[in-house]
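**Q** Pasting a structure here, questions to come.
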Amino acid sequence: MPALDVHVQVAQKLQANIAKVIVGKPDVIRLALVALFSRGHLLIEDVPGVGKTMLARAIAKSIQADFKRIQFTPDLLPTDVTGVSIFNQKTQDFSFRQGPVFTAILLADEINRATPRTQSSLLEAMEERQVSVDGITHPLPDLFFVIATQNPIELSGTYPLPEAQLDRFLLKTRIGYTSSQEEVAILTGQKLSHPIHKLEPACGAAEILALQQAVKGIYVDPDIQEYIVKVVAATRKHEDVVLGSSPRGSLALMRAAQALALLDGRDYVIPDAVKKLAQSVLAHRIILTPQSKLSGFTSDLVVEAILSSTSVPVEKKPAGATA
């Protein structure tokens with residue numbers, strides 16, 4: 001069996017396992033896995049009670065790896081996240097006590113309830129997979145995946161995430177309400193106990209790391225690379241935008257498209273994958289003008305307008321590629 005088929009089977013098994021807990025949201029699960037397979041991080045924003053934390057827990061339980069959760073609150077300090085150096089009276093020296101960030105999968109629950117200073121404690125960890133305390137750098141696990149949930153910033157008791165923090169998230173998604181039939185299925189499934197308690201791991205950390213490496217080998221045609229750059233560059237020139245996406249957005253969009261290709265069982269990226277992912281990857285990296293915000297314009301609409309006005313390259317299937 002070709003190596004790619006093995007990775008596709010792992011990805012699909014993981015997707016099916018998470019769907020045992022998260023009912024009626026296959027697209028949301030796929031986006032979450034795209035972030036994981038791309039070695040990125042995931043931000044889930046929605047109103048309370050729609051399953052943001054449960055999605056994060058389902059992903060964590062589906063992977064046999066270390067998992068920790070931080071409940072972000074206004075009084076949380078940066079050292080509560082990264083760790084702190086403590087003076088040892090016996091050795092007459094300082095020793096570093098690791099914070100909960102030292103784990104493979106980290107759930108940053110309600111991240112925007114903490115102050116911007118505490119939120120920024122994750123910046124180095126998310127970008128460089130390391131933590132610096134008192135001038136000493138401590139590496140994080142190779143599989144380091146942050147799943148952050150946040151309530152809409154309009155709700156009381158929330159702080160907006162700094163632009164630098166938002167830019168560290170490869171994807172931002174929303175879950176939304178379920179249909180009436182799906183909600184009935186949720187009630188039935190949780191009548192006696194929650195499915196999360198019976199969820200078994202679908203794969204191990206080593207399989208995820210191998211899959212992440214395989215994603216980097218997915219073929220991206222030069223025309224598609226140029227298309228990605230055109231879309232991202234257009235966010236910087238749009239009349240309703242103060243600040244568009246940086247080159248990090250271009251790289252994130254390409255990597256996410258590669259991960260989606262693997263999920264779909266292909267070893268090459270198609271233009272449609274870029275279009276499907278553009279809003280989730282780019283919208284949270286865009287800052288609108290005050291006038292546009294007041295008129296009800298959104299960054300999602302900006303990306304939508306850019307996609308509709310940018311010519312799409314012809315799909316090219318490389319020689320020997322899988323369907």
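Rule-based calculations on the coordinates, nothing more; no lab input. Nothing here was measured: the structure is a model prediction, and the numbers come from that model. Reconstructed Cβ throughout: ideal geometry from the backbone, glycine too, with neighbour counts over all protein chains shown.
**Q** May I ask you to give the average projected area over all directions of the convex hull of the Cα atoms of the chain, in nm² rounded to one decimal?
**A** Values: hull surface 79.6 nm².
Orientation-averaged projected area of the Cα hull: 19.9 nm².
**Q** Sticking with this one: Quote the FRET efficiency, to the nearest 0.05, computed for His194 versus Phe87 with a Förster distance R0 of 51 Å and r equal to the Cβ-Cβ distance.
**A** On the way: r = 43 Å, r/R0 = 0.85.
With a Förster radius of 51 Å, E is 0.75.
**Q** Could I ask something else about it? Given the chain, what percent of its DSSP beta bridges are antiparallel, to the nearest 5? Don't jump to the answer; show the numbers that get you there.
**A** Values: 12 of 31 bridges.
Antiparallel bridges: around 40 percent, rounded to the nearest 5.
**Q** A further question on this structure: With respect to the cross-link table entries Lys172/Lys216; Lys230/Lys317; Lys68/Lys216; Lys20/Lys275, which display a Cα-Cα separation exceeding 24 Å? Mind dumping the intermediate values first?
**A** Working: Lys172/Lys216 21 Å; Lys230/Lys317 21 Å; Lys68/Lys216 27 Å; Lys20/Lys275 28 Å.
Lys68/Lys216; Lys20/Lys275, as the Cα separations exceed 24 Å there.
**Q** Let me ask something else. Residue separation times 0.36 nm, minus the C-alpha to C-alpha distance between Asp142 and Gln64: what's the value?
**A** Values: separation 78, 0.36 × 78 = 28.08 nm, distance 1.41 nm.
Answer, rounded to one decimal: 26.7 nm.
**Q** How many angstrom lie between the Cα centre of the stretch 199-214 and the Cα centre of the stretch 216-282?
**A** 24 Å
**Q** Which value in nm describes the separation of the simple spin-label points at Glu239 and Val6, placed 7 Å from the Cα toward the beta carbon?
**A** Those two pseudo-labels are separated by 5.5 nm.
**Q** Taking the Cα centre of the chain as origin, work out the dipole magnitude from +1 charges on Lys and Arg Cβ and -1 charges on Asp and Glu Cβ, in debye rounded to 20. Don't skip to the answer; put the middle values down first.
**A** Numbers: 33 positive and 33 negative charges, 78 e Å.
The dipole of the chain has a size of about 380 debye.
**Q** Spin-label point model (7 Å from Cα, Cβ direction): what's the Leu307 to Ala164 distance in nm?
**A** That separation, rounded to one decimal, is 3.1 nm.
**Q** Sticking with this one: Of Val241, Tyr219, Gly189, which is farthest towards the positive pole of the stretch 145-248's charge dipole, taken about the Cα centre with +1 and -1 on the beta-carbons of Lys, Arg and Asp, Glu respectively?
**A** The Cα lying farthest towards the positive end belongs to Gly189.
**Q** Taking the stretch 268-323, which trypsin sites (Lys or Arg not before Pro) meet the DSSP loop condition and have no more than 16 other C-beta atoms within 10 Å? Write down the numbers at each step before the final one.
**A** Details: sites: Lys275, Lys276, Arg285, Lys293, Lys316; in loops: Lys316.
Taking the stretch 268-323 and a limit of 16 other Cβ atoms within 10 Å, the loop trypsin sites (Lys or Arg not before Pro) found are Lys316.
**Q** So for each of 138-148, 35-45 I average, over its residues, the number of other beta carbons within 10 Å; can you give me the resulting order with the highest mean first?
**A** Values: 138-148: 20.3, 35-45: 24.1.
Highest to lowest by the protection proxy: 35-45, 138-148.
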